[in-house]
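Bear in mind these aren't lab numbers, they're just calculated from the coordinates by the rules spelled out. In this text, all values refer to a predicted model and were calculated from it rather than measured experimentally. For neighbour counting, all protein chains shown are included, and Cβ atoms are generated from backbone atoms with ideal geometry for every residue, glycine included.
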Ligand code: MN
Ligand code: MN
Ligand code: MN
């Protein structure tokens, strides 16, 4: 069985429409798919065609702030109509909006007018972030290109470098569990934590009600797989697998092409 439980569409920062994503997954012989856009489930509403040849389950990727760091939790097998889920996605959208307002205020002080409205024109579905401000800065002629926009206005230490504060880890876990879903610690090695810190994160995640972790996230080395499968078994978590697909052409994140789960791990989908 080919499984991909971590994918993105245009509704967040991917490039495919939801229908294009499902088609591409079918073509890649994926049997079980979750769309896990950042902090939104809009993709499921936008699907025009009924998925054929594969099973599509509800998913989302929530950002959370843990000890001042940005950590991602995927929720899978969710009830997309649950009140807890819409509460969660709304809270995250509000947090994103609040940060965008702050960025715009800072840019205003630097002489850039109407940045909030301007950036919004480039942001689909309310998914508003610094790349959209960068596009606006180019469009209004403040800078020549997106690179310059980050260098002058948005990058580390610049006026528009506002840290995003997300919901706490227990809060995000609660949204997922109350929606009937399973919370998954996403791509545990992407945070560049020491193994000690990663264990601490895993323990906090479990204490909050977390139940699974991505043992496989896109292309990864055999060593990484070994590290993660050990941690997964030590902590008695279920194991998940996803490509973290955002767009075609990225060899490290091809739909359904990630390595298979090690046999000593308990697949999250076994009980579905
Ligand atoms: Mn992304
Ligand atoms: Mn992520
Ligand atoms: Mn992702």
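Of the residues making up region 63-84, those that are touching a strand residue (DSSP E or B) at 6+ places or on another chain (Cβ under 7 Å) and either closer than 20 Å to residue 269 by Cβ or part of a loop (DSSP other than H, G, I, E, B) (or both) are 72, 73, 74, 75, 76, 77, 78.
Residues being more than 16 Å from ligand 2 (Cβ to nearest atom), farther than 17 Å from residue 177 by Cα and surrounded by fewer than 19 Cβ atoms within 10 Å (Cβ to Cβ) are entirely absent from region 71-88.
Looking at the structure I just gave you, is residue 52 part of a loop (DSSP other than H, G, I, E, B) and either more than 20 Å from residue 212 (Cα to Cα) or free of Cβ contacts under 8 Å to residues at least 40 places away in the same chain (or both)?
yes
When the test is whether a residue is free of Cβ contacts under 8 Å to residues at least 60 places away in the same chain, farther than 21 Å from residue 14 by Cα and not in a helix (DSSP H, G or I), residue 144 passes it. Take residue 35 and decide whether it is more than 16 Å from ligand 1 (Cβ to nearest atom) and either more than 21 Å from residue 129 (Cα to Cα) or touching a helix residue (DSSP H, G or I) at 6+ places or on another chain (Cβ under 6 Å) (or both). So residue 35 does not fit the description; no. Tell me, please, whether a residue that is farther than 22 Å from residue 250 by Cβ and either within 16 Å of ligand 2 (Cβ to nearest atom) or in a loop (DSSP other than H, G, I, E, B) (or both) can be found in region 11-24. No, region 11-24 contains no residue that is farther than 22 Å from residue 250 by Cβ and either within 16 Å of ligand 2 (Cβ to nearest atom) or in a loop (DSSP other than H, G, I, E, B) (or both).
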